[in-house]
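Undergrad: Here it is, the structure in full.
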Amino acid sequence: MSPDPVDGDITLRRLAATDLPLLGRWLADPEVRRWWNHDPSPAAVERDFGPGMRGEEPGEDWVVLLDGEPVGLVQRAFVHDYPEEVEVFSRAFDVPLGAVEIDYLLGEAALRGRGLGTRVIRHVVERTWRELPTASDVVVAVVAANVASWRAVERAGLPRVAEVEIEPDNPVDDPLHHVYRLPRP
């Protein structure tokens with residue numbers, strides 16, 4: 001028997017300095033750490049998320065809110081703002097200037113495996129079309145071993161377009177990644 005789906009209103013707000021301790025806690029969660037493989041120390045979280053928070057780099061970090069309560073993180077950026085990401089996605093397709101990449105995590109363990117990830121991805125895709133008029137595609141690369149993540153992407157309606165080898169975030173993983181691309185409707 002699967003757990004009840006998660007209901008409630010999903011909204012996003014920009015990551016703020018006051019969110020960094022919570023983000024560190026999420027990154028320290030064993031299930032999140034398994035896939036993100038990020039140092040959860042306060043100094044590392046500030047180092048890696050502070051520049052985006054302060055507008056010093058082009059990517060966006062958003063706190064996912066469920067009925068007003070923080071439950072996760074979404075990152076969104078134009079692929080061409082990050083040359084290393086262009087190189088990665090170019091292994092799968094010619095990357096248009098308007099391609100937008102998303103990444104995500106659900107920080108609250110009790111909410112995982114209940115359909116919330118799919119809802120968050122759909123929400124971010126819909127917001128991308130509304131907020132970024134030059135966005136041509138939404139793209140996602142997911143390490144093949146992270147079945148729950150790529151299933152959420154597929155349930156959100158993004159078609160898998162390729163499988164490519166990318167250096168994984170966690171060195172224990174095989175480099176095989178599923179690549180998804182959804183053109184603007």
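Undergrad: Of all residues in the range 50-64, which are open to solvent by less than 20 Å² (accessible area, probe 1.4 Å) and among the aliphatic types (A, V, I, L, M)?
TA: Of everything in the range 50-64, those that are open to solvent by less than 20 Å² (accessible area, probe 1.4 Å) and among the aliphatic types (A, V, I, L, M) turn out to be VAL63, VAL64.
Undergrad: While we're on this one: Could you please tell me which pairs satisfy a Cβ distance under 8 Å, a separation of 6+ or placement on different chains, a first residue in the range 4-17 that is touching a residue at least 12 places away in the same chain (Cβ under 8 Å) and open to solvent by 20 Å² or more (accessible area, probe 1.4 Å), and a second residue that is part of a loop (DSSP other than H, G, I, E, B) and not acidic (Asp, Glu)?
TA: Every condition considered, the pairs that remain are ASP4/ARG114; PRO5/ARG114; PRO5/GLY115; ASP9/GLY68; THR11/GLY68.
Undergrad: Which residue is most open to solvent (accessible area, probe 1.4 Å), if the candidates are limited to the range 138-185 and must be closer than 12 Å to ILE121 by Cα and part of a loop (DSSP other than H, G, I, E, B)?
TA: GLY157
Undergrad: If a residue must be aliphatic (A, V, I, L, M) and in contact with a Leu (Cβ under 6 Å, 6 or more places away or on another chain), how many such residues does the range 43-63 contain? Step through it out loud before you land on a result.
TA: Narrowing the range 43-63 to residues aliphatic (A, V, I, L, M): 43-45, 53, 63.
Those left that are additionally in contact with a Leu (Cβ under 6 Å, 6 or more places away or on another chain): 45, 53, 63.
Looking only at that region, the number is 3.
Residue by residue, here is whether (1) closer than 22 Å to GLU108 by Cβ; (2) more than 12 Å from the chain's Cα centre (by Cα) holds:
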{"position": "ALA43", "(1), (2)": "no, yes"}
{"position": "ASP61", "(1), (2)": "yes, no"}
{"position": "LEU65", "(1), (2)": "yes, yes"}
{"position": "GLY72", "(1), (2)": "yes, no"}
{"position": "GLN75", "(1), (2)": "yes, no"}
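Undergrad: Another question, then. Only one of LEU116, LEU176 is over 14 Å from the mean Cα position of the chain (by Cα) and among the aliphatic types (A, V, I, L, M); which?
TA: On the way: LEU116 fails: over 14 Å from the mean Cα position of the chain (by Cα).
Answer to the check: LEU176.
Undergrad: Further question: Taking ALA110 as meeting all but one of (1) among the hydrophobic types (A, V, I, L, M, F, W, C); (2) more than 26 Å from PRO70 (Cβ to Cβ); (3) open to solvent by 70 Å² or more (accessible area, probe 1.4 Å), write down the number of the exception.
TA: (2)
The values are calculated or read from the model by the stated rules, or taken from the named source; none is laboratory data. Only a predicted model underlies this, so the values are computations on that prediction, with no experimental measurement involved. Positions of Cβ are generated from backbone atoms using ideal geometry, with glycine treated the same way; all protein chains shown enter the neighbour counts. With ligands, DNA and RNA removed, areas are computed over all heavy atoms of the protein, side chains included. Shrake-Rupley method; radii C 1.70, N 1.55, O 1.52, S 1.80 Å.
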